[in-house]
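The values are calculated or read from the model by the stated rules, or taken from the named source; none is laboratory data. A quick note: this is a predicted structure, and the numbers were derived from the prediction, not measured. Using ideal geometry, Cβ is built from the backbone for each residue, glycine included, and neighbour counts are taken over all protein chains shown. Ligands, DNA and RNA are stripped out before the accessible areas are found, and what is left, the full protein with its side chains, is counted by its heavy atoms. Shrake-Rupley method; radii C 1.70, N 1.55, O 1.52, S 1.80 Å.
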Amino acid sequence: MVRETLPVMETEWFQPFTEQPIALLSEEGEWIGDFPLDLDETLLRQLYRDMLAVRLMDERFTVLLRTGKISFTAPMAGHEAAQVGVAHALRRGHDWAFPYYRDYGLALALGVPLVEIFGQMIGTRADPNKGRQMPCHPSSRPLNIFAAASTVASHIPPATGAALSMKIQGTGQVAVCTFGDGATSEGDWYAAINFAAVQRVPAVFVCENNRYAISVPYSCQTATRTIAEKAHAFGIPGYHVDGMDVLASYYVSREAIERARAGHGPSLVELVVYRYGAHSSADDDSRYRPREEVELWRQRDPLVRYQRFLARHGLWSEEWERQLREEIAREQAEAIEAAERAGEVPAEWMFDDVYAEPLWHLERQRALLRAELQ
Ligand SMILES: Cc1ncc(C[n+]2csc(CCOP(=O)(O)OP(=O)(O)O)c2C)c(N)n1
Ligand SMILES: [Mg+2]
């Protein structure tokens, strides 16, 4: 279940620019927030189900890769709490999401059908992108998910532009844009957030800070201690958040989104996470990350912490976990089958939708390709 309406905050609970990341759950899963937890049991459970589905989907992607069914994957394990928290904080199908290539967890929690996800990964007719994108590039027209691009930070100016349009037209929507720590060194990042701040547009900029941009560590990326403090330069709030804590990700994003919706302008939310896998299937992370570091972060697994929280509230049991795993595994297996059954994408689709009017040289190439493949 995803909430379609969210209450507008009457008070602001979170301080920007905190030294320590904002957390609402201790490592042992105790609620440590200083405000009342106002989520119902259905949503509390759904957050866990989505995180588990993302973790299992990540594993599936690896299996599909190893069996030669997909050509590429960008692992998301470790980012689940961040992506699922943000997805539930926005109004699905009303607000817009501007994701990047590591955000299939965000797409899943926003409700992109599994068959479309696997169709996009494999590149079959089940893919609304018609098989023309690299795997791991989510999008959805009905759910207002802007098509992810590989070019780091290139989707951030369009998010600001969309938010400006929302403001001018008074649509009551918010544009939520996610990206990695590496993206914060791009000129597009500064230009987009600066303009958003000047125009006070309804946008939220969310950094999934996993402390690496492929092999470039955080210390080589920026001299600031946090990403959040860069918001000072734009004159907007910057929240430093424990992104391994799904409730902190959810509540801080929700506040930032509702603040934007209420006309108070954009904010920057830094979700501190860790990617457990390599940067992508084309990367060997053992060449630049000590195994002990990965192990240390594995001790802080976002699913385990949240499971402890649910168990304390009588909302988790081993039996439920077993059922969930079975259900999710079955749903994903069926979706893969359906995506494959949809059939291969015809190669000549690559010429469609590029220009409004067909161009003579592309039509010639289409004919050549057709003849070649016959
Ligand atoms: C403009 C641009 N430069 C370089 C690349 C190559 N590249 C792809 S992903 C990536 C790292 C991005 O890291 P980050 O923003 O931290 O996101 P993460 O992958 O860690 O989630 C780079 C350098 C690119 N795709 N686009
Ligand atoms: Mg990164």
Inset, instruction - Those residues that are surrounded by 13 or more Cβ atoms within 10 Å (Cβ to Cβ), farther than 25 Å from residue 67 by Cα and without any contact (Cβ under 8 Å) to a residue 60 or more places away in the chain, I need them from the stretch 345-374; list them, please. - result: 348, 351, 362, 365, 366, 369
Inset, instruction - State all residues of the stretch 105-154 that are more than 22 Å from residue 350 (Cβ to Cβ) and within 16 Å of ligand 1 (Cβ to nearest atom); if no residue qualifies, say none. - result: 105, 106, 107, 152, 153
Inset, instruction - Please give the number of the condition residue 162 fails out of (1) away from ligand 2 (no atom under 16 Å from the Cβ); (2) within 19 Å of the chain's Cα centre (by Cα); (3) crowded, with 24+ Cβ neighbours inside 10 Å. - result: (3)
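Does residue 44 qualify as being open to solvent by 20 Å² or more (accessible area, probe 1.4 Å), modelled with pLDDT of 95 or more and not in a loop (DSSP other than H, G, I, E, B)?
On the way: open to solvent by 20 Å² or more (accessible area, probe 1.4 Å): no; modelled with pLDDT of 95 or more: yes; not in a loop (DSSP other than H, G, I, E, B): yes.
In short, no.
Suppose we filter 355, 274, 306, 288 for residues that are at negative phi, at pLDDT below 95 and of a type in the set (Ser, Thr, Tyr); which single one remains? Talk me through it step by step, then tell me what you get.
Details: 274 fails: at pLDDT below 95; 306 fails: at pLDDT below 95; 288 fails: at pLDDT below 95.
Just a single option satisfies the conditions, and that option is 355.
Take residue 270 and decide whether it is part of a helix (DSSP H, G or I), among the acidic types (Asp, Glu) and in the same structural domain as residue 76 (by TED's automatic domain parsing).
Values: part of a helix (DSSP H, G or I): no; among the acidic types (Asp, Glu): yes; in the same structural domain as residue 76 (by TED's automatic domain parsing): yes.
So residue 270 does not fit the description; no.
For the stretch 196-239, give me the residue count where each residue is part of a strand (DSSP E or B) and either within 16 Å of ligand 2 (Cβ to nearest atom) or hydrophobic (A, V, I, L, M, F, W, C) (or both).
Filtering the stretch 196-239 down to residues part of a strand (DSSP E or B) leaves 203-209, 212-213, 216-217, 238-239.
When the remaining residues are screened for being either within 16 Å of ligand 2 (Cβ to nearest atom) or hydrophobic (A, V, I, L, M, F, W, C) (or both), the result is 203-209, 212-213, 216-217.
Final tally of qualifying residues: 11.
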Inset, instruction - Would you please list the contacts, defined by Cβ atoms under 9 Å and residues six or more apart or on different chains, that run from a residue in the stretch 331-344 that is under 10 Å from residue 117 (Cβ atoms) to a residue that is part of a helix (DSSP H, G or I) and among the acidic types (Asp, Glu)? - result: 335/116; 339/116
Inset, instruction - Examine the stretch 242-250 for a residue that is in contact with a Phe, Trp or Tyr (Cβ under 7 Å, 6 or more places away or on another chain), open to solvent by less than 40 Å² (accessible area, probe 1.4 Å), in a helix (DSSP H, G or I) and closer than 25 Å to residue 60 by Cα, and state whether such a residue exists. - result: yes
